[in-house]
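Novice: Mind having a look at this structure? Questions to follow.
The values are calculated or read from the model by the stated rules, or taken from the named source; none is laboratory data. Small disclaimer: the values here were computed from a predicted structure and weren't measured. With ideal geometry, Cβ positions are generated from the backbone for all residues, glycine too; neighbour counts draw on all protein chains shown. All accessible areas refer to the heavy atoms of the entire protein, side chains included, with ligands and DNA or RNA removed. Shrake-Rupley method; radii C 1.70, N 1.55, O 1.52, S 1.80 Å.
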Amino acid sequence: MRAEGYAVEPILRVLRQQGLRIAARTYRAWKRPARIAERTVTDALVEDRIRDLAWTVNQVTGQIQMTPEGLYGRRKWVALLRRQEGLAGTSRGAVDRAMRTLGLEGVRRAKKLCTT
């Protein structure tokens with residue numbers, strides 16, 4: 001606004017005279033275009049990739065089936081996604097959030113009984 005010859009304070013002064021009470025910070029936030037956080041974009045990419053790898057459509061029956069990768073835990077998902085093109089910097093937190101959203105849990109194996 002200042003670059004075009006208009007300051008925020010005179011505009012707000014005119015608006016106050018008209019009966020509107022607007023804070024300068026509110027006005028500036030309204031004028032500024034909305035930003036999408038980088039984490040939101042990254043989480044969406046990770047979630048889409050996990051969804052693509054965890055489920056597949058059976059060509060015969062047309063049903064959606066879980067692939068073996070759908071049983072992976074966080075460590076294996078992070079390793080798998082970091083090998084994918086464009087997702088080399090995938091974080092563990094992004095994978096955790098995606099797995100929670102998609103309802104995936106890694107398979108836990110029972111520990112073997114050791115008697116000696």
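Novice: Any idea how many residues of region 7-63 are among the charged types (D, E, K, R), in a helix (DSSP H, G or I) and more than 30 Å from R100 (Cβ to Cβ)?
Specialist: So the count comes out to 6.
Novice: How many residues are open to solvent by 20 Å² or more (accessible area, probe 1.4 Å) and outside any loop (DSSP other than H, G, I, E, B) when one looks only at region 68-92?
Specialist: So the count comes out to 11.
Novice: Still on this structure, please answer the following. Report yes if some residue within region 72-93 is more than 20 Å from the chain's Cα centre (by Cα), modelled with pLDDT of 90 or more and not β-branched (V, I, T); otherwise report no. Step through it out loud before you land on a result.
Specialist: Of the residues in region 72-93, the ones more than 20 Å from the chain's Cα centre (by Cα) are none.
Checked against the condition, which is being more than 20 Å from the chain's Cα centre (by Cα), modelled with pLDDT of 90 or more and not β-branched (V, I, T), region 72-93 yields no hits at all.
Novice: Within the set of pairs 6+ apart or on separate chains, which have a first residue in region 68-87 that is of a type in the set (D, E, K, R), a second that is open to solvent by 60 Å² or more (accessible area, probe 1.4 Å) and not in a helix (DSSP H, G or I), and C-beta atoms under 7 Å apart?
Specialist: Short answer, once both residue conditions are applied: R82/A88.
Novice: Quick one: how many residues across region 76-116 are small (G, A, S), out of contact with any Asp or Glu (no Cβ under 7 Å at 6 or more places or on another chain) and within 13 Å of L53 (Cβ to Cβ)? I'd like the intermediate steps shown before the answer.
Specialist: Initial filter on region 76-116 (small (G, A, S)): 79, 86, 88-89, 91, 93-94, 98, 103, 106, 110.
Going one step further and asking which of them are out of contact with any Asp or Glu (no Cβ under 7 Å at 6 or more places or on another chain), we end up with 79, 86, 88-89, 91, 93, 103, 106, 110.
Add one more test, that the residue is within 13 Å of L53 (Cβ to Cβ), and what stays is 79.
Residues meeting the conditions: 1.
Novice: Go through I64, I50, I36 for me and flag whichever is exposed (fewer than 11 other Cβ atoms within 10 Å of the Cβ) and either touching a Phe, Trp or Tyr at 6+ places or on another chain (Cβ under 7 Å) or in contact (Cβ under 8 Å) with a residue 40 or more places away in the chain (or both).
Specialist: I64
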